[in-house]
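Report on the following structure.
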Amino acid sequence: MAQLWGGRFTKQTDQLVFDFNASITFDKRLFHEDVTGSIVHATMLAKQGILTEEERKSIIEGLTGILEDVDAGKLTIDETQEDIHSFVEATLIDRIGDAGKKLHTGRSRNDQVALDMRLYTRARVAETDGLLEKLLEAILDTMENNLETYMPGFTHLQKAQPITLAHHYGAYFEMFKRDRQRLADIYKRMNYCPLGAGALAGTTYPLDREYTAKLLRFEGPTLNSIDSVADRDYLIEFLSALSTIMMHLSRFSEEIIIWNSNEYQFVELDDAYSTGSSIMPQKKNPDIAELVRGKTGRVYGALMALLTTMKGLPLAYNKDMQEDKEMAFDAMDTVADCIALFTGMIKTMKFRKDRMAKSAMNGFTNATDAADYLVGKGVPFRDAHGIIGRLVLYCIEKDTSIDALSLEELRSISDKFDEDIYDAISLKTCVEKRLTIGAPGAEMMKQVIEKNKEYLKTN
Ligand code: ARG
């Protein structure tokens, strides 16, 4: 066990206490951010005359060497250190001697970890955004190719009105587009640099916080040193955005599971994206969709855990905040994997357009259009609704559909029906006449697709 802070103590830390307190097994993930932050801090200290030119050079060479050696596998992160900050500093001192002991001038591990975590999260926000962009491209591609792939639209999981696959996918396009907007928003708000806040009250050294913020590509320095070390809002916001992404992916997965079921058979999953059963030879299971749906729980869990950890913490830093890492890392990894796998799954999935159209044709999905037809013939909508209701009942008793009835049968229920009813309630008419903004008619969908293409080009 190795510690940076032994001076005040007369006794060794109990091994169990050390292990319980240490974070290196998981914060070693912040290694790159820690070294980057330290290089920038040393650069600024030299610019301000706090370090000599030689010290700066020696520190930066030392840090760069540590970075390269760990990356090349020549140096392993020593897990007997308390945390990643201790490892980097101890290794630096070990390699360059006294100059290394000056690196921590005007800095605390509190602003150091605040910076590392922010840098790391910022990169993961950008990475998540990139993955969502690829997912959106895959969705838009399917939309373009399925403007006339008819299927039933549902409410209460009951067939409601006919739509197209393009239209259905368009709903998910909007969801993931909003998710990206949320990420952009979080990125903007979090992009301020806490380095230089010290333990909580800044420092007496003349640090140039504008300069370090600029070198680390932040918008500027944070404006309150207490908040700088006590704030994990950005992480909570990111976990909340990740939870929303998972909620969307989970809904989409659920639909794919339904569409893949024996009863529906709307889709066929690619062999590479499904799994079999050890006992039932006929099985081809949608495990990826199920896992994505299932993993939603642990991402929500990370959000709840961090909210609960932060609740009731007095200002400024408290060790509780070390708990921000493990579950947040897990959530970030989980969501990245889920988006990537989900994208692969939907890109390779085949649609059984015949079955989808057939399903759209029965279940009375044209009942609203039949009522609208009567409205066109001067029947008030509420009366038309009642007439078609009786017609549906008649069809259910005869086990048939509205469009399969003869004109005589139709007329026996209302004399307003004419030969043109058949065209008015055909699947194609039902969809293609729906041309209000956001509706499934192909002409409208084309306009929406153009807008979304433009969006992808500029975002
Ligand atoms: N391992 C700590 C964390 O993750 C680093 C900050 C420690 N600061 C302190 N004063 N003990 O939060």
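We did not get these values from a lab; they are worked out from the coordinates using the rules stated. Bear in mind that the values here come from a model prediction, so they are computed numbers and not experimental data. Every residue, glycine as well, gets a Cβ built from its backbone with ideal geometry; the counts of neighbours run over all protein chains shown.
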Note to self, the chain gives a 222 nm [θ] from helices alone (DSSP H runs n ≥ 4, -39500 (n - 2.57) apiece, / all residues, nearest 500) of -20000 deg cm²/dmol
The chain: longest stretch without exposed GluC sites (Glu not before Pro) (DSSP loop, at most 11 other Cβ within 10 Å), sites themselves excluded?
80-262
With an 8 Å Cα cut-off and a minimum separation of 6 or more residues, compute the relative contact order for segment 181-336 in percent.
23 percent
Sort segment 76-120 into rounded, prolate or oblate with this rule: let a ≥ b ≥ c be the square roots of the eigenvalues of the Cα gyration tensor; rounded if a/c is under 1.5, and if a/c is not under 1.5, prolate when a/b is larger than b/c, oblate otherwise.
oblate
Based solely on C-alpha atoms, express the radius of gyration and the Dmax of segment 289-437 in angstrom.
27.1, 81
Pairwise centroid distance, computed over Cα atoms, of segment 360-420 with segment 35-63, Å
81 Å
Once Rh for segment 361-449 is found with the Kirkwood sum over Cα pairs, what is the Stokes-Einstein diffusion coefficient at 37 °C and 0.692 mPa s, in µm²/s?
240 µm²/s
Within the chain: Cβ-based charge dipole about Cα centre, in debye rounded to nearest 20 (Lys, Arg +1; Asp, Glu -1)
540 debye
Residue farthest toward the positive end of the dipole of the chain, with Cβ of Lys/Arg at +1 and Asp/Glu at -1: which of TYR264, LEU435, LEU393?
LEU435
Return the tail of the calculated pair distribution for the chain, meaning the percent of Cα-Cα pairs more than 37 Å apart.
46 percent
Given 246-252, 9-15, the highest-first ranking by average Cβ count within 10 Å works out to 246-252, 9-15
Could you check what % of the DSSP bridge pairs in the chain are antiparallel, to the nearest 5?
75 percent
Structure shown: which of LYS28/LYS74; LYS295/LYS319; LYS159/LYS358; LYS159/LYS428 lie over 22 Å apart, alpha-carbon to alpha-carbon?
LYS295/LYS319
In nm², the average projected area of the convex hull spanned by the Cα atoms of segment 6-105 is 6.9 nm²
When only alpha-carbon atoms are used, what values of Rg and Dmax, in angstrom, describe segment 277-375?
23.3, 70
Once all Cα-Cα distances of segment 179-246 are split into 5 Å bins that start at 0, what whole-number percent is in each one?
4, 18, 22, 21, 15, 11, 6, 3, 1, 0
Cβ-based exposure ranking for LYS28, LYS283, in which fewest neighbours within 10 Å come first:
LYS283, LYS28
Could you tally the net charge around GLU55, taking each other residue with its Cβ under 13 Å from the Cβ of GLU55, Lys/Arg +1 and Asp/Glu -1?
+1
